[in-house]
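Everything on this sheet refers to the single structure shown next.
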Amino acid sequence: MPFDRAFRLSSLLLAASAFGGLVLAQAVPSWLAALTATILSLSVLAAMEISFFAEFPARITVPARLWNVLLIGAFLFFLVDLAAISGDLLPAGIHFLTLLLSLKLLTLHQRVDYRHLFAISLMAILASAALTTEIWYVPIFLLYLLTTVWTLLLYHLCDVDLGASPPARSSSRQLAHEDQPRKIRANFFWLTNGIAVLAFGLTVAIFFLLPRIGAGMWQKTRGDALRTTGFSERVDLGTIGAIKQDPQLVMRVELPESQQSRRDRLYLRGVAYDRYDGRSWNTGSPRRRNQGSTEDGIFSIIPLGSRLSGTVSAPIMQDILLEPLDTAVLFSVPVAVTVTGEFPGVQTDNMGAIFLPFVSSARTRYSVTSREPLLLPAEQTAQRMDYPRGIQDRYLQLPELSSQVADLSHAVTRDAATPYERIMAVHQHLLQSYRYSLDVETASSAHPIEDFLFTRKTGYCEHYATAMVLMLRTIGIPARLVTGFLATEWNEFGGYFTVRQRDAHAWVEVFFPRSGWITFDPTPATGAGALRSRWEALSRFSESLRLHWDRVFIRYSVRDQFAMVHGVRETGDAARDRVRRWLTKMSVSVASVLQTLAGNVRGITLGYLHLFMGLAVLGTALVVLLVRDRIGLWMATCLPSSRKHPAIAQLYQRMLKVLEGQGVRKPPSATPREFVHEVERCWQAAGPLVSDITACYCRGRFGGKRLSSEELTRVTEQITRLRRLTRTGR
């Protein structure tokens, strides 16, 4: 293909890739997108010199005066768009940019026209980058980068007037030259693509070396939040059922590898409600409290008037990526102990719900450490419960109900001897005597729970949970309703739970004086997940790619840079120690061999040999020190001897030093697991961090598994958080 034709096609492909980014970002209205796409297609056909379209550019001649009129018209359209149509600078500017692109495609005659086209394309690709954080931008950007390299090289190789007709051929030498135009050959092809690959490598390096200000700071902030229901201060009965068919993604929840195999479902608590008026649930005391944090963004969750009592589970670590919602609630496994995230503050109410100070218009990534309350065996067999007066006043409230509800509650629990047996009797009655269905109309019912219990006997989670709370309250057992999500969809490719709108759920928390609030779910399993599409595995794989894209690229920050550099540094130090020991052994072995061979040589010769060996070892050590990070990184990823990551042992020793500085020493006879229990006993706030670090240490040191760079980075961050904690009551 001749250089001039290749240049025209490359320039149009450059414009097409930038325009495609705007279209995929849904930033261009359909009529304008269709107009620009039509003009672009005709320009490509003309550049390919197809006979019918070859004269398309020549037939369109725009006089300078008309060109100025068109530009003024486009600018006036921009002003009208800004004031009355879009009402925002960014979308109005993109519409104006697309109009300029269409006009410029009609007037590609001179080299300066192509320079204008390049400038418009650059602004378009930057605008699409500002509008989206999705993974589809990667192929668009790669195509734009490749065509940019091709176009710029061809631009400098084409020194003819691209729009004018061929000049008169006055000499046979010039005629011969025109008869044999310069063409793209294999060397030019590989050279250009090599430059493009190098440019992409430099782009990635600059991305990881320069800190990011934020993800999508020019993104749209209106109308993007996913509408949810069931998480406000007042919830009408039946609101959750309206979204139980909605497959929209709400969040992704990652668990540590050690906890994944033990869970087939996950209750993600949102908001609890204590007062029911016969049709709606609400919070009797909506007051919230701001929670304090460390400098590293760790918020210790202490709900108003609540505390962890009794026995609790081992720490449950969750990394959550929450989509933009129309609620400020942060979801977590109950009961949250610490929350970590890049937000200005965290608030809690007196029933354990966690809130941001405002509704976020962007994705929110945060980490939670939870400890589930466990029911004490003594309270399972206790004949009676002594509930505090405040609990009774608040969580035994009942609306006006028919006597049938109380009669049913006493009939179901007639044979139960203990409060726990009465709770389980109500629980089993609801599970076995009623049918799950979303085809229930609650809005027109004056007494929805009575209709559920005695008339329809069908309903969904809200009916089951509300009925259980009311039945327990009629027999004197404090209970409350909780709304959140029940995660059951596991993504095996990404190692996380996928939570959708249809996973919205309601369940019950029952109070025990010593154990605290214990979860009970009276809703029967629906079996909705039995039917699986053949494309479901591909969909889960695509979602896992999106999660990694968001974690590695979109949320990449200065903290991630330091963690990456620190990981390379730790690996380099370990590699340097291994190389130093190896050089020492080799120098001793070589010196002994030379001494044996030179046993008959005079002492002065042996001295020179020793001097030579010493200089060689010193020079080698100096080179190793200069390139230790590169050698360490290579050895950590390539050599079999480094598969157990000695860096984790050094990180574990660093953790022990931090604990010693706070007065917590590890006895020589204690195993790592035993030491975790000791830390949890004497320094509760540090327990979750030490437990997570120890789990990684045992897996990397004794489990024979290679730790990933993400795991080492997480351990480093946990040690940083541990260092910033202050132990009290030493």
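The values are calculated or read from the model by the stated rules, or taken from the named source; none is laboratory data. Note that this is a predicted model, so its numbers are computed, not measured. Because the Cβ atoms are built from the backbone with ideal geometry, glycine has one as well, and the counts that use them run over all protein chains shown. Heads up: the accessible areas ignore ligands, DNA and RNA and are worked out on the full protein's heavy atoms, side chains in. Shrake-Rupley method; radii C 1.70, N 1.55, O 1.52, S 1.80 Å.
Does GLU660 qualify as being in a helix (DSSP H, G or I), at pLDDT below 80 and surrounded by fewer than 20 Cβ atoms within 10 Å (Cβ to Cβ)?
Details: in a helix (DSSP H, G or I): yes; at pLDDT below 80: no; surrounded by fewer than 20 Cβ atoms within 10 Å (Cβ to Cβ): yes.
Judged against the criteria, GLU660 is not a match.
If we scan the stretch 443-460, do we find a residue that is outside any helix (DSSP H, G or I), of a type in the set (S, T, N, Q), modelled with pLDDT under 90 and within 40 Å of the chain's Cα centre (by Cα)? Spell out the reasoning first.
So in the stretch 443-460, the residues outside any helix (DSSP H, G or I) come out as 443-447, 457-460.
Now restrict to residues that are of a type in the set (S, T, N, Q): 444-445, 458.
Narrowing further to those that are modelled with pLDDT under 90: 444-445.
Now drop any that are not within 40 Å of the chain's Cα centre (by Cα), which leaves none.
For the stretch 443-460, residues outside any helix (DSSP H, G or I), of a type in the set (S, T, N, Q), modelled with pLDDT under 90 and within 40 Å of the chain's Cα centre (by Cα): absent.
Find the residue count for the stretch 260-281, including only residues that are part of a loop (DSSP other than H, G, I, E, B) and more than 21 Å from ALA314 (Cα to Cα). Before you say what the answer is, go through the steps one by one.
If we filter the stretch 260-281 for residues that are part of a loop (DSSP other than H, G, I, E, B), which is where we start, we get 261-265, 274, 277-279.
When the remaining residues are screened for being more than 21 Å from ALA314 (Cα to Cα), the result is 274, 277-279.
Count: 4.
Right, GLN245: open to solvent by 40 Å² or more (accessible area, probe 1.4 Å), touching a Gly at 6+ places or on another chain (Cβ under 7 Å) and either modelled with pLDDT under 85 or among the charged types (D, E, K, R) (or both) or not? If you could, list the steps in order and put the result at the bottom.
Details: open to solvent by 40 Å² or more (accessible area, probe 1.4 Å): yes; touching a Gly at 6+ places or on another chain (Cβ under 7 Å): no; either modelled with pLDDT under 85 or among the charged types (D, E, K, R) (or both): yes.
So GLN245 fails the test.
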Self-check item: Pair list, Cβ < 9 Å and 6+ apart or interchain, from the stretch 690-712 residues that are modelled with pLDDT of 80 or more to residues that are assigned to a loop (DSSP other than H, G, I, E, B) and aromatic (Phe, Trp, Tyr)
Solution: VAL690/TRP683
Exercise. Quick one: count up the residues across the stretch 85-106 that are of a type in the set (Val, Ile, Thr) and under 31 Å from the mean Cα position of the chain (by Cα).
Key: 1
Quiz item: Which residues, taken from the stretch 352-381, are touching a Leu at 6+ places or on another chain (Cβ under 9 Å) and aliphatic (A, V, I, L, M)?
Solution: ALA353, ILE354, LEU356, VAL359, VAL368
Quiz item: Residues in the stretch 478-527 that are closer than 20 Å to ILE320 by Cβ, touching a Lys or Arg at 6+ places or on another chain (Cβ under 8 Å) and assigned to a strand (DSSP E or B): how many?
Solution: 11
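Taking the stretch 98-125, which residues are assigned to a helix (DSSP H, G or I) and out of contact with any helix residue (DSSP H, G or I) (no Cβ under 9 Å at 6 or more places or on another chain)?
From the stretch 98-125, those assigned to a helix (DSSP H, G or I) are 98-105, 111-125; that's our starting set.
If the condition is that a residue be assigned to a helix (DSSP H, G or I) and out of contact with any helix residue (DSSP H, G or I) (no Cβ under 9 Å at 6 or more places or on another chain), then VAL112, ALA119 are the ones that fit.
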Self-check item: All positions within the stretch 401-434 that are among the acidic types (Asp, Glu) and either within 46 Å of the chain's Cα centre (by Cα) or assigned to a helix (DSSP H, G or I) (or both)
Solution: ASP407, GLU421
Quiz item: Within the stretch 362-388, restricting attention to residues that are under 19 Å from GLU421 (Cα atoms) and among the small types (Gly, Ala, Ser), which residue is farthest from the chain's Cα centre (by Cα)?
Solution: ALA382
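Tell me the residue from LEU12, LEU22, LEU117 that is modelled with pLDDT of 85 or more, among the hydrophobic types (A, V, I, L, M, F, W, C), under 34 Å from the mean Cα position of the chain (by Cα) and open to solvent by less than 50 Å² (accessible area, probe 1.4 Å), please. Full working, then the answer.
Values: LEU12 fails: under 34 Å from the mean Cα position of the chain (by Cα); LEU117 fails: under 34 Å from the mean Cα position of the chain (by Cα).
Within the list LEU12, LEU22, LEU117, the selection yields LEU22.
Confirm whether ARG252 is crowded, with 19+ Cβ neighbours inside 10 Å, in contact with a helix residue (DSSP H, G or I) (Cβ under 7 Å, 6 or more places away or on another chain) and closer than 25 Å to GLU323 by Cβ.
In short, yes.
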